[in-house]
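Step one of this worksheet: look at the structure below.
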Amino acid sequence: MASEYGGMWKSLGMDLGAHDQLLAVLGQGYTDVFLSQANRPKGMDYFNFVMSEVHGLRIKEMLEAREQGEKIVGSYCVFVPEEIVRAAGATLVGLCSGADFAMEEVERVLPRNTCALIKSSFGFKLGKVCPYLESADMIVGENTCDGKKKSYEELNKLVSNLYVMDLPQTKSENARALLKAEFVRFARAVEELTGNPITVESLKKGIAITNAKRQAMHRLEALRKADPEPISGLDALLASQVSFYDAPVRFTESVNALCDELEERIKDNVAVFPEKTPRILMSGCPMAVPNWKLPWIVESSGAVIVGEESCVGERGLRNLTDDSGQDVESLMEAIVDRYFKIDCAIFTPNEDRADHIVQMAKDYKADGVIQYALNFCQPYQIEAMGLESRMEKEGIPMLRIETDYSPEDAEQLKTRVEAFVEMIG
Ligand code: BJ8
């Protein structure tokens, strides 16, 4: 890929040597974790292709579209309203990263005890290895956890196009008013960026594209309720991860094609794991590409992951936006309503999340829940402790894992996961 896209990456100011190293590690990791799986659905070929071209063809396509006027907006959080970005005729891409890179440089600007997700995003910037970050016309940071909001002050020194969105921390009426005001301010900012006014028609179109993507993912999630499982948790996670990069209409078609195949598989009793394989619900911090360590450990320890209560999963994708409004104001209200339901751990109190985990565990017939939090992530770590007693009350076995992106604790994690799987199996 290097020779074909070298010129493009260079024009984005990337460090080609460092980027080659990253791609080599990524490619090897993908082969080991994904391509080694047995009996994958044919529909995963598309996602293999997307991943093989995630820094190549997709970037080329976005840059070509930009030449025709389509701006690129990068985001670090599922609170950034995709409907509004699409309504202004821009493309939205995820910027969170799931691998350690340039850590020495990162620890010169951020404390060592910052979560891996934030450090990784800085590493990709400082190491000049992320073509999404380098092509973005606007980078949206959001005031969520302390780590993110303070680190954006530092990111602002490294990039010239950071837009910071304020976000509420409670679910009060005032908090909703803040979210509404911030979405209106954001709409003005993307209108200014693109030169395209947001109209009823364009908002309806933005909502339709985004809802269709979510509906396809809801369909995939529903099919994972089958026992035996027609798809591995790793492959389903990959589809969620790809949703942050791919062209949305094409992505929706590919997920629906995958679902058609999975429906056939269920009918024909074709599965990736034998019936009665212990079923795990993963819950907690988002898992950005290529953070596949824990899911891989789980699925190579005799269990199958049946759902993700995560922003790269159901928390990010559930709930559709009501498109029935007939003016910009009511459509904007509907967008605010939809995002205000996101039960991220930065909210206090956040009982909805606990209820949702219990509901998901029942719906997906999970035998156990793994609460996954990155080291130094207070919101998810603290909630995980509270969740332990709630799950105990509900009779749902739960394992609490705190980790980061390094492979160093893999053996230790595997021992703990295997013991948990044996216990619930
Ligand atoms: S809506 S989960 S995408 S903020 S892991 S950086 S919380 S210290 S990612 Fe998130 Fe939006 Fe919430 Fe979802 Fe902080 Fe924790 Fe790090 Fe985190």
Whole-Hz couplings from phi, Karplus 6.51/-1.76/1.60, listed for the range 326-340; x for Gly and Pro: 10, 9, 4, 4, 6, 5, 5, 4, 5, 5, 4, 4, 5, 6, 5
Karplus-derived 3J(HN,Hα), 6.51/-1.76/1.60, for each residue of the range 233-250, Hz, glycine and proline x: x, 4, 5, 5, 4, 4, 4, 4, 5, 5, 4, 7, 10, 6, 4, x, 5, 5
Label-point separation, Ser389 to Thr199 (7 Å along Cα→Cβ), nm: 5.6 nm
Cα-projected label distance for Val25 with Met8, points at 7 Å along beta-carbon direction, nm: 2.3 nm
Under 5 Å, built H, 5+ apart or other chain: amide partners of Met398: Val369
Linear extension gain, Asn113 paired with Glu333, 0.36 nm per residue minus alpha-carbon span: 75.4 nm
Total lysine pairs under 28 Å (Cα atoms) in the range 1-140, excluding pairs fewer than 8 apart on one chain: 14
Mean Cβ neighbour count within 10 Å, used as a protection proxy, ranking 276-287, 137-148, 380-391 highest first: 276-287, 137-148, 380-391
Förster radius 35 Å - calculated FRET efficiency between Gln378 and Glu53 (Cβ-Cβ, nearest 0.05): 0.40
For the range 149-154, Karplus couplings with θ = phi - 60° (6.51, -1.76, 1.60), whole Hz, Gly/Pro x: 5, 6, 5, 5, 4, 6
Set of lysines near Lys204 by C-alpha distance (under 17 Å), chain-local residues within fewer than 8 positions excluded: Lys213
Set of the range 408-425 residues, backbone N closer than 15 Å to the point 7 Å along the Cα-Cβ line of Ser300: 408-418
Ellipticity estimate at 222 nm from DSSP helix runs (n ≥ 4, -39,500 (n - 2.57)) divided over the chain, nearest 500: -17000 deg cm²/dmol
Nitroxide proxy distance, nm - points 7 Å out along Cα→Cβ at Asp100 and Lys365: 4.0 nm
Packing-based order for 121-133, 335-347, using average beta carbon neighbours within 10 Å, highest first: 121-133, 335-347
Highest to lowest packing among 151-159, 359-367, scored as the average C-beta count within 10 Å: 359-367, 151-159
Estimated D of the chain in µm² per second, where Rh is the Kirkwood radius over Cα pairs and Stokes-Einstein applies at 4 °C, 1.567 mPa s: 59 µm²/s
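No value in this document is a laboratory result; all are computed from the given coordinates. Quick caveat, the model's predicted, so the values are computed rather than measured. Neighbour counts run over all protein chains shown; Cβ positions are idealised from the backbone, glycine included.
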